[in-house]
Amino acid sequence: MGDLAAGMRYLGRGQRWVFGHGRWFGFGLLPALVALVLYVAALTALAFFSDDIAAWATPFADGWGEPWRDSLRILFAVLLWLAALLLSVLTFTAVTLVIGDPFYEKLSEQVEEQEGGAPRGPELPMWREAWISLCDSLYVLRRMLFFTVPLFFLGFLPVVGQTLVPALGFCVSGFFLTLELVSVAMQRRGISVRERLRMLRTRRALALGFGVPLVLAFLVPLVAVLLMPGAVAGAALLVRDLTGEDEGRDADDGEGDDGEDRDGEGRDGHRHDGHGGEGQADPGRYGGGRGAVGPPAAEASSAHAPGPGAPKSPSPAPDPVRDPRLGPWTRGGPR
């Protein structure tokens, strides 16, 4: 549950970051808007030609009666369009990342710079980076379809298809959506797509906490466009967690900027008090009590010695048992 909540926190932190930096928010919207226009155009064209596609795909129904033939082809057209809509939801992020690779690379780098520094990525031409991003997206899509296609057909089963299968479908989509989004920051670190998949498998709850809320939000029209810049920013923060860079930063924060360790002793060997002072005596260091600062005990006793004009106090009486000047008869007392 800890990783699940952490994934949601990274998603929220990414959204807060871009909304707090309006220029970068608008910068990250451009690729998502372009992808949205392309998908709307494709889905509209599919809806317009769906009748012709259904007739072409069901030639065996040409000899059927009109009600049965039309019902079958309408059902086929509706299912085809819904399948295309589902595919568009699953591939929207991949296409947007391919279109906006240079945009999101700059956005992700800016987020990491403010979080402690971004690693320097390999110097590659833009076309090479776009090609790598496209190949990685196709690999992720192939792995995702390996799960989503069986789940699509299992969805026609009674009861299970309306309860368990949709939940599994959201989890699968959320995991692979996270895999797509972390590709921007991980590609800068030279981590291959197969290694990214292995790393996320070790932290499945983290990936699900980040990706599943996004999948649910992307089902609402236009929300995917608005959340895409924040999703890229949050993925950059999540990658720093996966690679352990945030832990290293926390360890470095154990020492203050003035060279103090956690135990209050600086690198120069002097002890500092809680207010940043140096060279002050430690309260109670010399046994003077709480808040007392004074010399050692020997110096304290000499400081209180009587002056030359002061009356001398009488010397203590000698011990009759141990003083030999009083005679041996006194040893052990009179008889």
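The values are calculated or read from the model by the stated rules, or taken from the named source; none is laboratory data. Given the structure is predicted, the values throughout are model-derived calculations rather than measurements. Here the Cβ positions follow ideal geometry from the backbone for every residue, glycine too, while neighbour counts run over all protein chains shown. Please note that ligands, DNA and RNA were not included when accessible areas were found on the heavy atoms of the full protein model with its side chains. Shrake-Rupley method; radii C 1.70, N 1.55, O 1.52, S 1.80 Å.
Order these peptides, 153-166, 1-14, 171-184, by their mean beta-carbon neighbour count within 10 angstrom, highest first. Walk me through the intermediate numbers first.
Numbers: 153-166: 12.0, 1-14: 17.4, 171-184: 24.7.
Per-residue mean Cβ counts within 10 Å order the peptides as 171-184, 1-14, 153-166.
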### Message
Please list, in order along the range 180-193, the HN-Hα scalar couplings obtained from phi with the Karplus expression 6.51 cos²θ - 1.76 cosθ + 1.60 (θ = phi - 60°), rounded to whole Hz, x for Gly and Pro.
### Response
5, 5, 6, 5, 5, 6, 6, 5, 5, 8, x, 8, 6, 5
### Solvent-accessible area per residue, Å², over the range 1-75 with all protein chains present [probe radius 1.4 Å]
65
### Query
Label-point separation (nm) for Leu33 and Trp81, each offset 7 Å from Cα along Cα-to-Cβ?
2.8
### Query
Based on the mean of other beta carbon atoms within 10 Å per residue, what is the order of 140-152, 57-69, most packed first?
140-152, 57-69
### Task
Enumerate the residues in the range 155-199 having an amide nitrogen under 19 Å from the point lying 7 Å beyond the Cα of Leu216 toward its Cβ.
162-179
### Query
Just how far, in whole angstrom, is the range 166-186 from the range 191-236 if you go by their alpha carbon centroids?
5
### Karplus (6.51, -1.76, 1.60) ³J(HN,Hα), θ = phi - 60°, over the range 137-150, in Hz, Gly and Pro reported as x
5, 5, 5, 5, 4, 5, 5, 5, 5, 4, 9, 6, 5, x
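Within the set of other residues whose C-beta is less than 9 Å from the C-beta of Ala118, count the net charge using Lys and Arg as +1 and Asp and Glu as -1. Before the final figure, lay out each step's value.
Details: positive: Arg120, Arg188; negative: Glu109, Glu112, Glu113, Glu115.
Summing Lys/Arg as +1 and Asp/Glu as -1 gives -2.
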